[in-house]
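Read the structure below first, then the notes.
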Amino acid sequence: MKKNISLESVSSFILLLAGFLLFWEWLRPLEQITDTGNVHLFVIYTAICFVTSFLTRNGWAKFVIKSVSLLFILDYLFLDATLLSREWIQTLTLELRYNLAAVWKNDWVLMTSFFRSFLFLLLLWLMSYLLHYWFMVANKFFLFVVLTFVYLAVLDTYTIYDGQAAMIRTFVVSFLVLGLSRYVKLMNNVDTTHRKQHVWSWMTPVLVIVLFATILGIYSPKLNPQWPDPVPFIQSTAGHVGFSDGPVQKVGYGEDDSQLGGSFVQDDSPVFEAIAHDDIYWRIESKDLYTGKGWERSTELDFQELTNGNLGWSTFSQQVETTSYNAEVRPVNQNQLPKVVYPYGINRITSLDQGQFFTDSEFGLIESESSEQNQNLSYTIEYDAPSYAINELRDNSGDDPAGIKEQYLQLPDSLPERVSELALEITDGEDTRYDKAQAIESYFSTNGYVYQIEDVSVPEEGEDYVDQFLFETKVGYCDNFSTSMVVMLRALDIPARWVKGFTGGVEAADQPPLPDDYSLYEVTNNNAHSWVEVYFPETGWVPFEPTSGFTNPTDFYLETSGDVNTEDYMIDEEETEEETEQESSEVEQENEQLNPDEDESEVGGADNEEKGNGGNYYWIGAVLLILAILATIIYRKLTELRDWYLLKKWDRLKQRLEIEASYVYLLEILEKRGMPRTKGQTLRQYAKEVDRRLGTSEMYDITLAYEEYLYRDQPSLAKDNKRLHGLFQQMIDQILA
Amino acid sequence: MDYGNEVGQILENIEKVMIGKEREVTLSLVALLADGHVLLEDVPGVGKTMMVRALSKSLNCDFKRIQFTPDLLPSDVTGVSIYNPKEMVFEFRSGPIFGDIVLADEINRTSPKTQSALLEAMEEMNVTVDGMTKSLQKPFFVMATQNPVDYEGTYPLPEAQLDRFLMKLSMGYPNEADELEMLNRTDREHPIDEIEAVINKEQLLNMQKEVDSLYVDNTVKRYIVQLVSETRKSPYVQLGVSPRGSISLMKAAKAYAYIQKRDYVIPDDIVYLAPYVLSHRVILRPEARYEGVTQSSLITQILEEIDVPVRKELHG
């Protein structure tokens, strides 16, 4: 028997340990997705709670240990004064009074970090109690496992948290423990002295299967997500309007890119219609000078008049293979677009009224003479769409011209070191310029960077736009992605520039009669976009598309196998504009500084800016957790309530000493406990079954007495009423236990 | 309840001869105590005769055996009057039916005329020979055996006649271990010779009276009626259980309760006995056979469907 006891306590310890490990997975992401700091302290506190629950059954001892350690952690984090000194207690009461008042007035935001941490620790306490109950008492492990998986999956999908490792850990821990808890449950009914041998014959296959499945799962090939990022879709479907405190702008094309960042709202008003052979990208201009906040031009614009509409410059060299097409562009709204949009490979541009065009070859800007008076004039473009040979791009071995180096490698001195370190890390192992560019291009979509136009931060004073996106927020739109790629490439001494324009738009519903392969496309403000061009010495400028969810429409092919990689798939999305609201964003930033920052702790030290991202999660998560706990407690209490009611009923029956009512009552509670009598079952058969299932013998004795009462001529009950009464009591205690 | 121990001893005695057949032995004793008769449907050589002999020896009763053959006449069963020239009168020589315990072997081998002589005696408790009616003495217990019906040269008993048997049993072959034990026991001396009487005729009659006076609660009676009437409603049944069947079931249940040393009947008794008491009283429609429903499976199914009483029935 001694062996059995030790086995049980070992297995329950393992169960609890696993519960703790799983709960740890709940705490881990907090550091990333919320502004919670010092997570290790919370983990330690959880561990204390778990261990206390395991070691002692004395409710008071548990209470004292848990509250003392809670106080210690709060003291360590926030309270400078000596523990339990007068000053200390004063601070404590002050904090509590202030925060309770804030809570009372629904001013949740005004709560101090101290109080938030206090509430969070209380939550951990409750959770540890709850988990202890689930695992140890109710022996229900599965529900929590499922909840953990759901939690991780949701976080992985909707936040920057990368749940891959967490999933694997959770899988291994939970399945091992599910196996073990199943075994413990089975063994509850079996009274054998060979449990210890069985343990290994049971756990070995469990262990092998779980490890095998894990390894298989890790190394087997996986499909890429069919739907890379559902967040924008869900938000647009739900009609969600961002409540970020940052400047909100309308999507569209703007000329001033010196201060990037901030949120956008959708704007699907049309900008121009285009007849083209494909939903190609429409280029407007490039920019070369990164300031740490946005893009500017390093030199003044220098417009030249076009002769006969011939452009005289190209973004790529003569060696690149091209296909000739025509396109027609018709601007829709007045003043929407003061610039000419054009496809890659443009040769010649003409307008119907023979108006003059001017161009700046350095930045690729084209303007029409008539843009002042008649903006809605349509123009036709002849262009040779380039197809880049990947082999040639890889073989580009020449040196960059000095002018290109000088202009397109500029980076601000203030650029943090870790940006270039990250660039080196990403391109580690890549030899060619093309492969490096591609590594960076695909880095974002595979590393948890989220495309969204709402709640996008503006870098603060002294903060770098790229650095903030790469390391802090990981949330943004095309400007964030494209700028980050250009900056990282430049950090690797690869000339690159930032390009603005529009994506191809959608095919219009009503198509006019057009030659084969041509379609009419509608391009709206939502299609405003920015991307990257990388310089290759022999090829010229090659477009790249780092933004998650977008696909580069440019044609790349491998010379050996002919034409590859012609993806026409596009998601309509949006772009930026930010002439507006500059002041308001500054006001916001000032507010942030005014906001009282109570303590040195990071816990809950949210300023307005961060609340837009993390603070909401923090609070929604906390509220959900509390609701879940309440629901569980109510559910548990419900059973207790029912039991209490049943017992009360029994007390009444006891007074009346009626065997029939008592027996019928017994049948009732047995049925409620999942052991109903089937129709044709005689009382004896039923009693035997109940005794077998509950491991009792009272039911049969009671049934014999009841049979006598029911079927005998003159029942001889009175004499051993007391004994029968005892039997009933024992049976009911057994059932309700 | 005075004879409780004797019942145990009788069973013990018979089990010395019949190994592994407690159920059939108990049921036979139930039929005997309930003043009924048993029909054994079985192949030859499984120990029917041995059981009846052991039973009659334990009860110190007169044992008679009739081997039914196709040429057996009613008078071979009942007896015949013979002219005594010395005294110039007809004297009645009683037939084997006048025994206390009668084994009617292979009853379906004889002609219906002879069969009905036996069945009439079982029902009326008297025989009529040459215009004279002679009563049979109690105790009177007939154990009739028949080969499974499908054999050649048999006269199956009419369904109406089957009703006169309290229960129909089937022994079947013993299992291997029991058969081995049987060989061991009969190796030197047959155990039947060692059996000694436990009670006498007088005591047996008293026991039968006691069984008859056992209390059956209305709740249980209603359960029986419900069960029997359910057999008449079943779509598989052409002819359901007769009221005689209800009475038989109650009688048998009393005897079974008596053997269990209980002075009242509980539904468990009914559930246990119903397949043996009711099966042969049900005539199924031909469709039933196609659907694999047999008489005993039908009874078992009905038992599962009707509700066993849980509360006491209120009188009045």
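If the condition is being in a helix (DSSP H, G or I) and in contact (Cβ under 8 Å) with a residue 24 or more places away in the chain, then the stretch B:257-268 contributes B:ALA257, B:TYR258, B:ILE259, B:PRO267.
Of the set (1) outside the structural domain of A:PHE728 (by TED's automatic domain parsing); (2) more than 21 Å from A:GLY726 (Cβ to Cβ); (3) surrounded by 13 or more Cβ atoms within 10 Å (Cβ to Cβ), all apply to A:LYS672 but (1).
When the stretch B:145-197 is limited to residues that are among the hydroxyl-bearing types (Ser, Thr, Tyr) and within 25 Å of the chain's Cα centre (by Cα), the one that is nearest to B:SER279 (Cα to Cα) turns out to be B:SER170.
The rows are residues; the columns are (1) within 19 Å of the chain's Cα centre (by Cα); (2) outside any helix (DSSP H, G or I).
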| site | (1), (2) |
| --- | --- |
| B:ILE10 | yes, no |
| B:THR26 | yes, no |
| B:VAL30 | yes, no |
| B:CYS61 | yes, yes |
| B:THR69 | no, yes |
| B:LEU72 | no, yes |
| B:ASP76 | no, no |
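Flag: B:GLY79 does not match the condition of being at negative phi, of a type in the set (Gly, Ala, Ser), touching a Ser or Thr at 6+ places or on another chain (Cβ under 7 Å) and in contact (Cβ under 8 Å) with a residue 24 or more places away in the chain. Residues of the stretch B:84-118 that are farther than 25 Å from B:ASN60 by Cα and in a strand (DSSP E or B): B:ASN84, B:VAL89, B:PHE90, B:GLU91, B:PHE92. Looking only at the stretch A:429-439, residues that are over 18 Å from A:THR539 (Cβ atoms) and at pLDDT 85 or above come to 1 in all.
Which is more than 10 Å from every other protein chain (Cβ to nearest Cβ), at pLDDT below 90 and within 23 Å of B:VAL30 (Cα to Cα), of B:GLN238, B:GLN260?
On the way: B:GLN238 fails: within 23 Å of B:VAL30 (Cα to Cα).
Result of the check over B:GLN238, B:GLN260: B:GLN260.
Residues that are of a type in the set (Gly, Ala, Ser), away from chain A (no Cβ under 14 Å) and in a loop (DSSP other than H, G, I, E, B) occur in the stretch B:281-299; there is at least one.
Each row is one residue, and each column tells you yes or no for (1) under 20 Å from the mean Cα position of the chain (by Cα); (2) in contact (Cβ under 8 Å) with a residue 40 or more places away in the chain.
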| site | (1), (2) |
| --- | --- |
| B:LEU239 | no, yes |
| B:LEU249 | yes, no |
| B:ALA252 | yes, yes |
| B:ALA255 | yes, yes |
| B:VAL271 | yes, no |
| B:VAL277 | yes, yes |
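For the stretch B:300-315, filtered to residues that are part of a helix (DSSP H, G or I) and surrounded by fewer than 17 Cβ atoms within 10 Å (Cβ to Cβ), the residue that is nearest to the other protein chains (Cβ to nearest Cβ) is B:GLU304.
Against the condition away from chain A (no Cβ under 13 Å), closer than 27 Å to A:ASP713 by Cβ, assigned to a helix (DSSP H, G or I) and touching a strand residue (DSSP E or B) at 6+ places or on another chain (Cβ under 6 Å), how does B:VAL277 come out, does it pass? Yes: the conditions hold for B:VAL277.
Among the conditions (1) assigned to a helix (DSSP H, G or I); (2) modelled with pLDDT under 85, A:VAL172 misses just one, which is (2).
Restricting attention to the stretch B:211-234, the residues being away from chain A (no Cβ under 14 Å) and either touching a residue at least 12 places away in the same chain (Cβ under 8 Å) or of a type in the set (D, E, K, R) (or both) number 8.
The values are calculated or read from the model by the stated rules, or taken from the named source; none is laboratory data. Keep in mind that what you see is a predicted model, and the values were worked out from it rather than measured. Counting neighbours? That spans all protein chains shown, and the Cβs are built from the backbone with ideal geometry, glycine included.
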